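Only one structure is covered here, and it is reproduced in the block below.
Nothing in this text is a laboratory measurement; each read-out follows from the coordinates by a stated rule. If you're wondering where the values come from, they're calculated on a predicted model, not measured in any experiment. All Cβ positions, glycine included, derive from the backbone under ideal geometry; neighbour counts span all protein chains shown.
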Amino acid sequence: MPAKKKSGLCGSRPNYRTPCTSSEDRLCNIFTDLPVWNEFFWPVGFELRELSPGKLSFVHVPDARVPLEIRTEEKEAAKLLQRLLAHHRCVVSVDLDCELFKHHQQMICGELRRCESLEKLALRVPCYFTEKSLKFVAKLPQFDRLRELELSRVRFDRRSVVGLSKLLASTQSLTTLNITEQDVGPEDAVAIVEGLKQNSTITKLLINASLLREAHQEANTMFADFLCKNKTLRTLGVTSLFRGASSYFRPIIEPLYQNTTLTELNLIGMNVNSPHYQLITDMLRKNRTLTSFHMVDCFCYNNGRISSPVAMWLEALSKNNALEELTMDLSWIEPEECGSLIGALASHKSLRKVTVQTVRDNCVAHICRAIRETRVPNRFFLDQQQVSEDTAAKLPECRELSRIRIDYSLSPRESELLHDALSQLPTCGHVKSLHLSMRETNFDSSVKSFIEEYITKTTALTELDLCFIANAWTTVERPQRKLLQALSKNKGIRWLSIRGIRFDETETDMLVDMLHSSRTLCYLSFFPDDDDLALLLVRKLSANVSRNFTLLRFDVGLFDAGRIGDKFAIDDVVRRNNALVTRAADFVTGTNHKHCAAAAELVRLHPGLVMKVQELKSMDEDEAVSRIKDSLKDIIELDDFMRLSGVVKNGVSCRRRDDGQKQLTDLNFECWLHIRQYLKFDDILNSK
């Protein structure tokens with residue numbers, strides 16, 4: 001069915017002829033018109049979003065389901081994008097799929113090449129082959145100003161892979177290449193690595209493990225030589241998208257014996273066995289520059305061909321003095337080995353942060369005890385761990401566990417195990433994140449009581465993921481209402497996901513009221529397994545959503561992008577809120593621009609601001625809170641406020657009056673604070 005015509009929420013068309021007015025300390029006027037522009041981009045699944053203060057990105061709308069027959073809307077969006085790129089230097093990033101430019105490739109591609117402000121380009125292609133996408137990639141050498149390039153699922157032919165290779169060899173600007181989701185054949189791998197060997201600008205390289213398959217002997221040799229000799233690369237990431245695929249480490253790890261410039265290595269989704277451990281630990285013994293090494297979601301095992309990995313790790317750590325951050329899987333470790341490894345990590349001279357991912361059930365308590373006995377427990381972070389039957393009783397003493405998963409849905413003893421685990425939660429103030437999954441049939445009165453009481457009273461929990469399986473509750477019992485009442489009373493949860501539970505209209509109203517009143521709930525995902533119930537929530541929430549300055553993400557799954565209306569209104573508010581938090585965080589971290597100060601003034605108490613500052617400055621929550629408090633002092637004083645507002649250059653000075661009347665500078669601090677309550681940054685107009 002053709003997409004419905006836009007309902008005209010904004011009531012006007014984008015004024016694309018207005019020139020860009022952005023400057024270093026001033027937002028372009030287009031920022032006030034983003035809802036107007038996005039109303040025309042949404043039907044084709046795109047929107048403009050603030051990437052960083054003052055800079056815009058043209059990106060996909062998450063979970064947008066785009067109708068097949070949208071030729072008119074597609075043409076209109078392509079023309080608007082062309083004009084946007086031509087007139088607005090504040091647009092620095094474009095994220096495309098081949099659908100949008102399938103019929104307008106020449107128009108969009110030409111303008112992208114001419115756009116002097118374009119810093120980042122991402123091309124994502126569906127599974128099927130398209131001639132248009134290949135032509136686009138073949139022309140990449142003409143994009144001589146790009147700083148970041150991402151290619152996803154582009155099926156190369158010879159012309160396109162040669163184009164990419166030429167770009168890598170000739171660019172004077174590209175610093176980041178991301179081909180994480182790009183499956184690469186042997187001949188294509190050789191061409192890409194040949195381009196990399198001639199490159200002198202890339203500092204961050206993210207590749208798919210398929211580039212270095214064991215059978216790709218020529219490409220592997222070339223890549224190893226590239227890593228040995230390269231002097232510009234600082235970050236390397238290698239991702240395997242298929243759990244069963246064999247991982248080939250030699251061309252990645254062995255060159256780092258000699259490399260003296262790489263500082264960060266990320267291995268993601270790889271299969272790591274005993275010979276791989278030997279390579280990795282040998283590298284850590286010999287390398288002197290790697291400060292961050294992360295094995296994320298890797299499947300690690302000891303196949304018994306060599307001695308325990310613990311001995312190798314202990315020797316490597318004793319010889320390494322450079323490593324500062326480490327992420328590792330400990331699913332292979334034995335209980336009696338936990339103390340020695342944790343002790344070595346704790347005594348390491350340079351390590352500041354160690355993240356432990358998977359740990360076997362019988363080792364959780366041992367790991368926690370070993371961490372607790374070190375003098376630097378804050379150095380360690382345990383990722384989410386399943387609470388097993390053995391771990392449940394020890395949960396209160398395992399204070400190092402902040403993220404837990406309770407899921408016995410496959411066990412015939414689910415009800416009993418739930419009782420045992422849930423009864424421990426009230427004494428576990430260290431738990432910050434809880435994933436709880438259960439079958440509906442075991443949501444009995446006692447389990448229900450445990451959950452409701454815990455959610456109501458906990459002040460430590462910030463993340464809650466509730467998953468109910470085979471929901472068949474009767475309309476008489478309605479345990480959903482008490483669950484929502486408990487959630488409404490909680491003042492600490494920032495991230496909430498609810499799956500498999502169905503709310504009636506009254507309960508939906510309760511959820512909406514909770515969202516409107518909450519000053520902490522930033523992220524909500526709601527998947528009731530019923531599209532009509534999701535739409536009901538969207539319709540009710542959109543009515544007064546503009547008053548919500550807390551919500552940073554709202555996810556109800558796939559939606560029809562062609563129907564501009566309630567979902568658009570919610571997502572526009574989410575976009576606004578994210579922009580405010582981003583600007584405020586930039587102010588806190590040192591950007592003294594008026595629009596950033598105005599955002600900090602507005603969202604100074606936003607929990608998302610704390611998280612954003614943590615992300616930007618790699619600091620813990622307490623440090624971020626302290627940093628925010630210190631920065632807000634800079635917008636209170638008279639001189640600071642007037643300077644940041646653009647009223648004065650340095651400070652306020654007043655000529656003394658003949659009649660002796662008080663001037664602005666004569667006010668004491670308390671009087672100025674009283675005035676300041678009614679005076680905001682946004683009240684002061686920008687100079688022309």
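Couple of notes before you dig in:
- Helix content alone sets the calculated 222 nm mean residue ellipticity of the chain: runs of n ≥ 4 DSSP H residues at -39500 (n - 2.57) each, divided across all residues, give -11500 deg cm²/dmol.
- Distance between the 7 Å Cα→Cβ label points at THR456 and ASN266: 4.3 nm.
- FRET efficiency for HIS674 and ASP630, using Cβ-Cβ distance with R0 set to 22 Å, rounded to 0.05: 0.45
- Net dipole in debye of the chain [+1 Lys, Arg Cβ; -1 Asp, Glu Cβ; about Cα centre; nearest 20]: 2200
- FRET E, pair LYS394, LYS662, Förster distance 56 Å, beta-carbon r, rounded to 0.05: 0.25
- Spacing of the two label points (7 Å from each Cα toward its C-beta) at SER331 and LYS231, in nm: 4.2
- Counted charge near SER546, where neighbours are those whose Cβ lies closer than 13 Å (Asp, Glu -1; Lys, Arg +1): 0
- Among beta bridges that DSSP assigns inside region 151-579, antiparallel share in %, nearest 5: 0
- Label positions at ASN321 and ARG65, each projected 7 Å from the Cα along the C-beta direction, are separated by 6.1 nm.
- Residues ASN15 and SER687, FRET efficiency given R0 of 22 Å [Cβ-Cβ distance, rounded to 0.05]: 0.50
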